[in-house]
Amino acid sequence: MIKHKEQRVGIFVDVSNMYHSAKNLYKKRVDFREILKEAVAGRKLIRAICYVIKTETEEETPFFEALSKQGFEVKMKDLQIFAGGAKKADWDVGITVDAIKMAEKLDVIVLVTGDGDYIPLVSYLQNTKGCLVEIMAFHQTASSKLIEESDDFIDLSGSKKFLR
């Protein structure tokens with residue numbers, strides 16, 4: 001895919017998906033500063049948003065502040081804990097709504113996630129909004145159908161620079 005400096009880029013990061021993928025695959029953390037640099041790729045950054053889950057202990061607050069200092073807008077949601085002890089923490093709908101709302105002002109949307117739930121969003125952004133959609137994720141934990149639907153796939157597994 002051709003990337004040029006006039007393209008307007010929006011980056012949407014599913015932090016939980018990336019965190020758990022890096023932890024399970026490599027026992028390491030994601031270097032979000034490198035993710036941002038790679039996603040922008042010399043183009044015009046319009047928005048870069050990280051979607052995070054806040055726990056009751058709020059021990060992740062310094063991490064959220066670091067993301068903000070690196071140039072990300074941070075959107076938080078509380079971890080849901082149900083009566084039976086089950087926990088739910090996802091941003092699928094929030095990321096989808098934001099990407100659709102911003103699509104008119106963007107040429108390229110970079111989804112930093114391997115979650116196959118975003119396949120309908122990718123198709124909608126491409127076919128209805130005319131956006132190019134790039135996926136950044138670890139190949140081993142990314143949906144093969146999501147990769148196939150995207151205009152470009154950046155495999156984070158291919159380089160240690162994305163891990164700390």
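Some notes on this structure:
- Residue count, region 109-131 (criterion: within 22 Å of Ser157 (Cβ to Cβ) and either at pLDDT below 95 or not aromatic (Phe, Trp, Tyr) (or both)): 11
- Within region 59-114, considering residues that are among the charged types (D, E, K, R), surrounded by 13 or more Cβ atoms within 10 Å (Cβ to Cβ) and farther than 25 Å from Arg43 by Cα, the one nearest to the chain's Cα centre (by Cα): Asp92
- Matching entry among Ile100, Ile95, Ile119 (being within 22 Å of Lys37 (Cα to Cα) and out of contact with any Cys (no Cβ under 7 Å at 6 or more places or on another chain)): Ile95
- Residue that is nearest to Arg8 (Cα to Cα) [pool: residues in region 65-105 that are assigned to a loop (DSSP other than H, G, I, E, B) and out of contact with any helix residue (DSSP H, G or I) (no Cβ under 8 Å at 6 or more places or on another chain)]: Leu79
- Residues that are under 17 Å from Thr113 (Cβ atoms) and small (Gly, Ala, Ser) are absent from region 56-67 altogether.
- Checked against the criterion of being touching a Gly at 6+ places or on another chain (Cβ under 7 Å), under 21 Å from Leu25 (Cβ atoms) and basic (Lys, Arg), the candidates Lys160, Lys145 yield just one match: Lys145.
- Pairs linking a residue in region 1-17 that is part of a loop (DSSP other than H, G, I, E, B) to a residue that is of a type in the set (Lys, Arg), with Cβ atoms under 6 Å and 6 or more positions apart or on different chains, are Lys5/Arg43; Gln7/Arg43.
The values are calculated or read from the model by the stated rules, or taken from the named source; none is laboratory data. Keep in mind that this is a model prediction, so the values were computed, not measured. Quick reminder, even Gly has a Cβ in these numbers, built from the backbone with ideal geometry, and neighbours come from all protein chains shown.
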